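Chemist: Structure incoming, see below.
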Amino acid sequence: MEADLLSATEGRVRLVRLMGCVKNYDWGPPGKESRVARLYACNSGDDYIDQDKPYAEFWMGTHDSGPSYVVENGLTNGGGERNKLTLKKWIENNPSVLGEKVVKKWGNNLPFLFKVLSVAQALSIQAHPDKDLASRLHSELPDVYKDDNHKPEMALALTEFEALCGFISLEELKLIVQTVPEIVELVGTARAEQVLELNEDGGKEKGKLVLQSVFTELMSADKDVVAEVIAKLISRLHVKNQARELTEKEQVVLRLEKQYPADIGVLASFLLNYVKLNPGEALYLGANEPHAYIYGDCVECMATSDNVVRAGLTPKNRDVKTLCSMLTYIQGFPEILQGTTVNPHVVRYIPPFDEFEVDRCILPEQSTAEFPSIPGPSIFMVVEGEGTVTTSSNEIIHEGDVFFAPANTSISVSTSSGLHLYRTGVNSRVFKE
């Protein structure tokens, strides 16, 4: 078995099929309603899906909290058994599959973690620490913060995808202070007046300090007081709804309150941008930026880390003090990536992070796409359809198949009936440096 896998390093190109890891977080859709569940069932070769269990995330990579394993019998869907060898261990045994530049920059490990997410209800208002903060948090609380790496990430929508991301503009913040009395009740009139006195020429640093003060006071409010104020908010919105159509943000607030009653995250959502992605649009999130996914399916890629600092819309551990102190407090609507066309069937999404980029490949009937040789590794995932992947030989691929391609491997993918797949690899700019 191991000799067969090692053939990639002996000059005969060998794609390695992977069995990923599933995460059953409460916010995932139940059973077969979850795309994650369906993909995992196909990937593992086990048709059983527990209808009473939520399926939230499907992981592909080398992170210890959700390792991928190599599969013995090639790429045939469901045709192999999970080997005891993890992808991480296999790479450590064969570092040349990463390519010289990747090993030099990141060592003998994949720098990226690839996921599919199915979101049925909002997952926490959170942020991911930068490298310095991640190192400190991991040292102080290793059971909570599992590694010492940063976690810049990108979400690429598979369906219409809803999220909260980054702080609203100053103009919008002033409007919220004037129209949402419940926030003023919690943060105080003096802070509200500071917001209203701000102007675009007053200096970004002053604006950040005021926003930080407002957000910190809001997130730190007493739970009993928060419950009373949110009850007032919900009652007021229901009355307003009799007289006018609620705004998108107000409708989101009502949805969040049903999922997380009396949670401060319901009010905090007023301060964050509400983003709707169409399929094929992407959103990237740098370190120390607040966000929360609300609904839909997406492909997600990030640096190899699972560090999350949470403060709202969650039953999990909250670290309000750390979250409020770490954020950048940059205001304005986030950039939406449309991708860059690589060839007629492939669009590439390149975030401002070295660790990864993502290709989206949609092949119609009777078509082929080429993935040229690159100096770094890739992970491919088939989301829909069936086709053939060709390197030195042909392999049939189906929905749920995941495979690792070593550095310097050129790949051709074809289909007679239609195929939808994704590739993630190291950001191509790394190889131009």
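The values are calculated or read from the model by the stated rules, or taken from the named source; none is laboratory data. Note that this is a predicted model, so its numbers are computed, not measured. Cβ coordinates were reconstructed from backbone atoms using ideal geometry, including for glycine residues, and neighbour counts include every protein chain displayed. Heads up: the accessible areas ignore ligands, DNA and RNA and are worked out on the full protein's heavy atoms, side chains in. Shrake-Rupley method; radii C 1.70, N 1.55, O 1.52, S 1.80 Å.
Chemist: For Cα pairs less than 8 Å apart in space and 6+ apart in sequence, what is the mean separation divided by the residue count of the chain, i.e. the relative contact order in percent?
Modeler: It comes to 22 percent, rounded to a whole number.
Chemist: To continue, here is another question. Report, to the nearest 10°, how far helix 131-140 tilts away from the longest principal axis of the Cα atoms in the chain, using its own Cα long axis and a range of 0 to 90°.
Modeler: That works out to roughly 80 degrees.
Chemist: A further question follows. Taking the Cα atoms of the chain, what is the range of coordinates along each of the three principal axes, in descending order and whole Å?
Modeler: 70, 43, 41
Chemist: Can you find, among Ala243, Leu123, Ile49, the residue farthest towards the positive end of the dipole of the chain? Put +1 on the C-beta of Lys and Arg, -1 on that of Asp and Glu.
Modeler: Working it through, the farthest residue towards the positive pole turns out to be Leu123.
Chemist: I need the trypsin sites (Lys or Arg not before Pro) found in region 165-272, filtered to DSSP loop residues with at most 15 other beta carbons within 10 Å of theirs.
Modeler: Sparse-neighbourhood loop trypsin sites (Lys or Arg not before Pro): Arg244.
Chemist: I'd like to check one number: the per residue accessible area of the chain, probe 1.4 Å, reported in Å² as a whole number.
Modeler: Using a 1.4 Å probe on heavy atoms only, each residue of the chain averages 42 Å².
Chemist: Let me ask you something else. Test of the criteria: in region 156-254, which chymotrypsin sites (Phe, Trp or Tyr not before Pro) are in a DSSP loop and have at most 14 other Cβ atoms within 10 angstrom of their Cβ?
Modeler: Answer by residue number: there is no such site.
Chemist: How about region 293-351: which trypsin sites (Lys or Arg not before Pro) there lie in a loop by DSSP and see at most 15 other Cβ atoms within 10 Å?
Modeler: Listed in order of number, the matching sites are Lys316.
Chemist: Where nothing but the Cβ of Lys and Arg (+1) and of Asp and Glu (-1) is charged, how large is the charge dipole of the chain around its Cα centre, in debye to the nearest 20?
Modeler: Approximately 300 debye in magnitude.
Chemist: Hey, another quick one. On the accessible surface of the chain, probed at 1.4 Å, how many percent belong to carbon and sulfur atoms?
Modeler: On the chain, the fraction of accessible area on carbon and sulfur atoms equals 47 percent.
Chemist: Please identify, among Ile294, Ile125, Ile330, the residue showing maximal mean-square fluctuation in a Gaussian network model of the chain using a 10 angstrom Cα cutoff.
Modeler: Looking only at Ile294, Ile125, Ile330, the largest GNM fluctuation is found for Ile330.
Chemist: Below 12 angstrom from the Cβ of Gln338, what's the summed charge of the other residues (Lys, Arg +1; Asp, Glu -1)?
Modeler: 0
Chemist: Net charge near His420, counting Lys/Arg +1 and Asp/Glu -1 over other residues with Cβ under 11 Å of its Cβ?
Modeler: Cβ neighbours under 11 Å give a net charge of -2.
Chemist: Determine the calculated [θ] at 222 nm for the chain from helices alone, applying -39500 (n - 2.57) to every DSSP H run no shorter than 4 residues and normalising by the residue count; nearest 500 deg cm²/dmol.
Modeler: -8500 deg cm²/dmol
Chemist: So for region 221-372, what percent of the C-alpha to C-alpha distances run longer than 22 Å?
Modeler: Tail fraction, whole percent: 55.
Chemist: What do you get for Rg/Rh over region 323-433 if you use C-alpha atoms and the Kirkwood form of Rh?
Modeler: Answer for region 323-433: 1.07.
Chemist: Among the listed pairs Lys223/Lys316; Lys115/Lys276; Lys53/Lys88; Lys23/Lys89; Lys206/Lys316, give every one whose C-alpha distance is greater than 24 Å.
Modeler: Lys53/Lys88; Lys206/Lys316
Chemist: Quick one: net charge around Ala292, please, counting Lys, Arg +1 and Asp, Glu -1 for every other residue with C-beta under 10 Å from its C-beta.
Modeler: 0
Chemist: Once every Cα of region 184-242 carries one equal point scatterer and solvent is ignored, give the base-10 log of I(q)/I(0) from the Debye formula at q = 0.14, 0.19, 0.20, 0.31 Å⁻¹, two decimals.
Modeler: -0.51, -0.77, -0.81, -1.17
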